[in-house]
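The structure appears below as structure tokens.
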Amino acid sequence: MSDYADLTRFIAEHIVNNKAAVTVQSVPRGRTTIVEVSVAEEDMGKIIGKGGRNIEAIRAVVRAAGLRKHERVQVELADGGRHA
């Protein structure tokens, strides 16, 4: 299960500027594993990408890794309540 978190962290750290602020948590929820990604607020635009392309690409890669093991994996961005 932590393989998906490690994969997600690896990808996210190569996209953002503040690598130290990247936190990834894997949470089992029923038959699905939820991978929550949190980045620094200034890097939120980079991780989402233009039109959501970057986060969708991350989701596709991690989902494909899960399919290889016949597991459901979903990547979500953690808001963290940082918006005022």
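The values are calculated or read from the model by the stated rules, or taken from the named source; none is laboratory data. Keep in mind that what you see is a predicted model, and the values were worked out from it rather than measured. All Cβ positions, even for glycine, are placed from backbone atoms using ideal geometry, and neighbour counts span all protein chains on display.
Here is how the numbers come out for the structure above:
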quantity	calculated
Tally, over the stretch 14-39, of residues that are more than 18 Å from Gln74 (Cα to Cα) and either surrounded by fewer than 17 Cβ atoms within 10 Å (Cβ to Cβ) or among the basic types (Lys, Arg) (or both)	6
Gly66, sole failed condition from (1) within 10 Å of the chain's Cα centre (by Cα); (2) modelled with pLDDT under 95; (3) buried (at least 18 other Cβ atoms within 10 Å of the Cβ)	(1)
Hits in the stretch 1-13 (condition: surrounded by fewer than 16 Cβ atoms within 10 Å (Cβ to Cβ) and either at pLDDT 95 or above or touching a helix residue (DSSP H, G or I) at 6+ places or on another chain (Cβ under 9 Å) (or both))	Asp3, Asp6, Phe10, Glu13
Meets criteria (farther than 16 Å from Ala78 by Cα and not aromatic (Phe, Trp, Tyr)) for Arg59	no
Test for Arg53: is it surrounded by 15 or more Cβ atoms within 10 Å (Cβ to Cβ) and without any contact (Cβ under 8 Å) to a residue 24 or more places away in the chain	no
